[in-house]
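Presented below is the structure to which this report refers.
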Amino acid sequence: MRRSILRNRLAALVGARSLLFIFLLLLPAAPAWAYRPFVSTDAAVAEPQEMEIELGYFNLERTNRENTFIAPKVVLNYGLVRNLEIVGEFEVAKPPNEDAQLVDPGVFLKAVLKEGILQEKEGIGFAVEAGPLLPSTVQGKKRVGFEGIGILSGRFVPFTYHVNLGGGVDRAKGNPFAIWGVIVEFPLFPSFRLVGEVNGESVKGEPANNSGLFGFIWQPPSSKVLIDAGIRRGISSGAPDWRFTMGLTVSIPVLSPAIK
């Protein structure tokens with residue numbers, strides 16, 4: 001009986017995810033810069049009155065031979081006006097032998113202060129992103145924190161790079177932390193690029209959480225969705241040993257006409 005119930009629930013979950021994927025494929029989408037599967041970000045924002053949806057539909061984290069499933073991981077980027085967006089993000093994690101938890105929710109404002117290659121202008125682009133880290137349901141992380149970062153995006157042909165540097169106070173004990181990250185992209189084909197990232201976070205009194213990622217971003221021909229996958233390896237004692245992630249990004253108009 002229990003096995004039958006479990007099979008029915010699993011079938012319903014797979015069916016729901018399949019319907020969601022098909023729905024996103026059918027949406028009228030604008031071109032989007034996918035910043036999945038990264039922890040860091042780029043110096044670009046969504047177009048005015050456009051919603052960019054970054055959905056991590058499968059994430060597996062392995063630490064000390066124990067697996068944590070994270071599904072979904074969601075980032076929503078809504079363009080308020082030119083060069084300014086609001087960002088909301090969260091993930092739902094299922095650690096071993098524990099109930100599902102709401103992890104790392106936050107709301108941020110992101111602004112492009114200097115247009116660059118991502119806005120089809122010459123030179124390096126610069127943006128800032130800042131906002132509150134909202135309480136999670138994880139034990140010991142139920143306070144409000146704050147995070148702010150500066151972002152540089154440039155090109156060293158044929159590579160595109162993005163550099164992040166920032167910090168804030170955490171939602172656990174209000175301890176200060178520093179964050180950094182470097183993304184590199186290589187366009188292997190017009191619709192397919194290899195990507196890599198090295199990033200880290202250091203919280204006062206805790207081991208550093210540093211890791212590296214290798215993956216790809218692919219836009220199927222005639223598709224309106226960007227699909228990504230990556231493998232992340234921890235390179236410090238405070239990071240998960242391994243993390244595997246798959247997801248997609250789509251951009252849809254919310255209101256029209258757009259603000260110029």
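The values are calculated or read from the model by the stated rules, or taken from the named source; none is laboratory data. The structure presented is a predicted model; accordingly, all values stated were derived computationally and were not measured. Ideal geometry is used to build each Cβ from the backbone, glycine not excepted, and the neighbour counts take in all protein chains shown.
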>> Between a residue in the range 53-73 that is of a type in the set (Asp, Glu) and surrounded by 15 or more Cβ atoms within 10 Å (Cβ to Cβ) and any residue that is at pLDDT 85 or above and not in a strand (DSSP E or B), which pairs come within a Cβ distance under 8 Å, given they are 6 or more apart or on different chains?
In response: GLU54/ARG36; GLU61/PRO240
>> I'd like the residue in the range 200-233 that is exposed (fewer than 15 other Cβ atoms within 10 Å of the Cβ) and among the basic types (Lys, Arg) and, out of all such residues, is modelled with the highest pLDDT.
In response: ARG233
>> Tell me the residue from SER222, SER153 that is of a type outside the set (Phe, Trp, Tyr) and at negative phi, please.
In response: SER153
> So, in the range 234-246, of the ones that are over 10 Å from GLU61 (Cα atoms) and surrounded by fewer than 15 Cβ atoms within 10 Å (Cβ to Cβ), which residue ends up modelled with the lowest pLDDT?
Replying inline: SER237
> Of all the residues that make up the range 74-115, how many are crowded, with 16+ Cβ neighbours inside 10 Å, β-branched (Val, Ile, Thr) and more than 20 Å from the chain's Cα centre (by Cα)?
Replying inline: 0
> Since GLY140 meets every condition but one in (1) in contact (Cβ under 8 Å) with a residue 40 or more places away in the chain; (2) assigned to a loop (DSSP other than H, G, I, E, B), which condition does it not meet?
Replying inline: (1)
> Just to be sure, is ARG193 modelled with pLDDT of 95 or more and surrounded by 18 or more Cβ atoms within 10 Å (Cβ to Cβ)?
Replying inline: yes
>> For the range 162-181, give me each residue that is touching a Ser or Thr at 6+ places or on another chain (Cβ under 7 Å) and surrounded by fewer than 17 Cβ atoms within 10 Å (Cβ to Cβ).
In response: ALA178
